[in-house]
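The values are calculated or read from the model by the stated rules, or taken from the named source; none is laboratory data. All of these numbers come straight from a predicted model, not from anything done at the bench. Note: ideal-geometry Cβ built from the backbone for every residue, glycine included; neighbour counts use all protein chains shown. Areas reflect the complete protein model, heavy atoms only, side chains present, ligands, DNA and RNA absent. Shrake-Rupley method; radii C 1.70, N 1.55, O 1.52, S 1.80 Å.
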4 protein chains.
Amino acid sequence: MSTAFVTSRRVEFSDTDAAGIMHFAAFFRMMEQAEHDLLRSVNLSVVMHDAAGKISWPRVAAKCDFQAAARFEEVLQIEVRIARLGKRSITYSHRFLRDGQVLATGEITAVCCRIREGALPKSMPIPAAMAKKLRTFVESSPRQ
Amino acid sequence: MSTAFVTSRRVEFSDTDAAGIMHFAAFFRMMEQAEHDLLRSVNLSVVMHDAAGKISWPRVAAKCDFQAAARFEEVLQIEVRIARLGKRSITYSHRFLRDGQVLATGEITAVCCRIREGALPKSMPIPAAMAKKLRTFVESSPRQ
Amino acid sequence: MSTAFVTSRRVEFSDTDAAGIMHFAAFFRMMEQAEHDLLRSVNLSVVMHDAAGKISWPRVAAKCDFQAAARFEEVLQIEVRIARLGKRSITYSHRFLRDGQVLATGEITAVCCRIREGALPKSMPIPAAMAKKLRTFVESSPRQ
Amino acid sequence: MSTAFVTSRRVEFSDTDAAGIMHFAAFFRMMEQAEHDLLRSVNLSVVMHDAAGKISWPRVAAKCDFQAAARFEEVLQIEVRIARLGKRSITYSHRFLRDGQVLATGEITAVCCRIREGALPKSMPIPAAMAKKLRTFVESSPRQ
């Protein structure tokens, strides 16, 4: 059985736009923040160091479907699951809720990369100790 | 034959993050800005008024795939096409290029809505005069 | 004796820039967020309604002095005091701390305004009930 | 005689907030963007490299006074002058105008620093060649 990680964010005034609602790009910022909350909950970080240097997670894909607007000062619950834990990448799936109503659902795929100053990020296998900590958030397929 | 609308944006320092590259959410802001540039190019705006009041375009879906990073001070070309011009919604498709290299491709779907203070946005048919101006940006399907 | 209101914010990845630290404009967003936390702590909001309509608080001045950088994932304490509670305006003063070290100090002055759709904000006296709730945060002058 | 550097920015939808106007923190982002435009106009950048490594300009102070609101799609003219060209720091002064009306005036002070990965920025004298290029933007005092 998978476990959804749940965190929350309040819609700040600087997240809103002239339509009077949270700007759609703010959902993507919050999706990333929720992912980082998940990582911290198991003592990981999106920026880590091992003996060989810095490891981080450039995003290769992000998407979000918006069902209902969020407004200033509302507190949104954000559920995060791992839809796919690959060899070198992770796909996180997100649900935004307000009082049980789903406002938006999204996904972010990030690739485990070695980061070196002045060089392009280079993909690398997810360290085993890290993958192990994340397994608890992996969505079980419906039939298993 | 469809025509891509082309605009550009410079990567500002406030668009970057601690990974030294443009933050992924900034691509979504620029996709929206490019859409608004397209609208202005035919004397439209994402916020318009008709006899019955205000019309605007809440986003219902957005996605982006990232192939390569963008860095501070780079000027990005952004191509915008209309992938689908519906009765009540438009799907814009975007390509980010730097010196001919594709950095990212994305899509935003927005719905034509009547906006009233204190009420939820209500979808409405795209006004005919507006649809007509936008037809030039509609992608022709490859076989037609 | 005045009471500082204390709140906190974590530096999110989207708050950082290519210098590897929190972007200076993010301090201003957090100063405003801390002000709004203060207002909520006494059941007020920066956007309120009375019998005559909407009341809000456009900013007329903001400043911040930066002593030390803040980095990704750090949790910052933000102290907010009211440096001046005027007839029609409030000056909030802010201190950012990390483990007791002051990182930055700032001020925001906001004016109580009647907000009407399509009209410019118009300054108005701060409602007495609101001023009363805020008095506890007013800095006493050192000698009084 | 000093020369103001003049640039412009359009108020994007993502710059606005639920009050229907440009969010006050967006003025600070634009002040920085205008400074970077000024630097590029004389072939400089806020991030440069010399034989000893990377040079950049952390901000130590920023302020802005707001006289009038800016709205979506408006094009703002931004004048930048150098109020003070010090040995190790520069104070830029900014004016935002729309059709000749002053909307806001601000100042940013930035310090010339050696930047090394993993170390705190360390202030250093402004390179002579850089100072020379910037002299044209220095405000002459009224009486000289």
Residues that are β-branched (Val, Ile, Thr) and either farther than 24 Å from B:Glu35 by Cβ or not in a strand (DSSP E or B) (or both), drawn from region D:1-44 = D:Thr3, D:Val6, D:Val11, D:Ile21, D:Val42
Run down A:Ser45, A:Ser89, A:Ser93 and say which single residue is touching a helix residue (DSSP H, G or I) at 6+ places or on another chain (Cβ under 8 Å) and not β-branched (Val, Ile, Thr).
-> A:Ser45
How many residues does region D:11-44 contain that are away from chain A (no Cβ under 14 Å) and either in contact (Cβ under 8 Å) with a residue 12 or more places away in the chain or open to solvent by less than 20 Å² (accessible area, probe 1.4 Å) (or both)?
-> 14
Can you name the residue in region A:45-59 that is open to solvent by less than 60 Å² (accessible area, probe 1.4 Å) and part of a strand (DSSP E or B) and, of all such residues, is nearest to the other protein chains (Cβ to nearest Cβ)?
-> A:Arg59
Counting only residues that are within 14 Å of chain A (Cβ to nearest Cβ) and either part of a strand (DSSP E or B) or among the basic types (Lys, Arg) (or both), which one in region B:65-77 is most open to solvent (accessible area, probe 1.4 Å)?
-> B:Arg71
Given the structure, is C:Arg95 among the basic types (Lys, Arg), under 30 Å from A:Glu117 (Cβ atoms) and modelled with pLDDT of 95 or more?
-> no
Scanning region B:107-144 residue by residue, those in a strand (DSSP E or B) and buried (at least 17 other Cβ atoms within 10 Å of the Cβ) turn out to be B:Glu107, B:Ile108, B:Thr109, B:Ala110, B:Val111, B:Cys113, B:Ile115
Go through region A:78-101 and give me each residue that's among the small types (Gly, Ala, Ser), open to solvent by less than 30 Å² (accessible area, probe 1.4 Å) and assigned to a strand (DSSP E or B).
-> A:Ser89, A:Ser93
Which condition does D:Thr3 not pass, out of (1) within 13 Å of another protein chain (Cβ to nearest Cβ); (2) hydroxyl-bearing (Ser, Thr, Tyr); (3) within 17 Å of D:Lys132 (Cα to Cα), if it passes all the others?
-> (1)
Looking at A:Asp50, is it acidic (Asp, Glu) and more than 30 Å from B:Thr105 (Cβ to Cβ)?
-> yes
In the list D:Val80, D:Val60, D:Val111, D:Val47, which residue meets the criterion of being touching a Phe, Trp or Tyr at 6+ places or on another chain (Cβ under 8 Å), farther than 24 Å from C:Cys113 by Cα and modelled with pLDDT under 95?
-> D:Val47
Picking from A:Ala104, A:Ala62, the residue that is small (Gly, Ala, Ser), surrounded by 15 or more Cβ atoms within 10 Å (Cβ to Cβ) and free of Cβ contacts under 8 Å to residues at least 60 places away in the same chain would be A:Ala62
Quick one: in region A:114-144, of everything that is at pLDDT below 95 and charged (D, E, K, R), which residue is farthest from A:Ile55 (Cα to Cα)?
-> A:Arg143
Counted residues, region C:53-77 - those being within 13 Å of the chain's Cα centre (by Cα) and either within 18 Å of D:Ala62 (Cα to Cα) or hydroxyl-bearing (Ser, Thr, Tyr) (or both) = 6
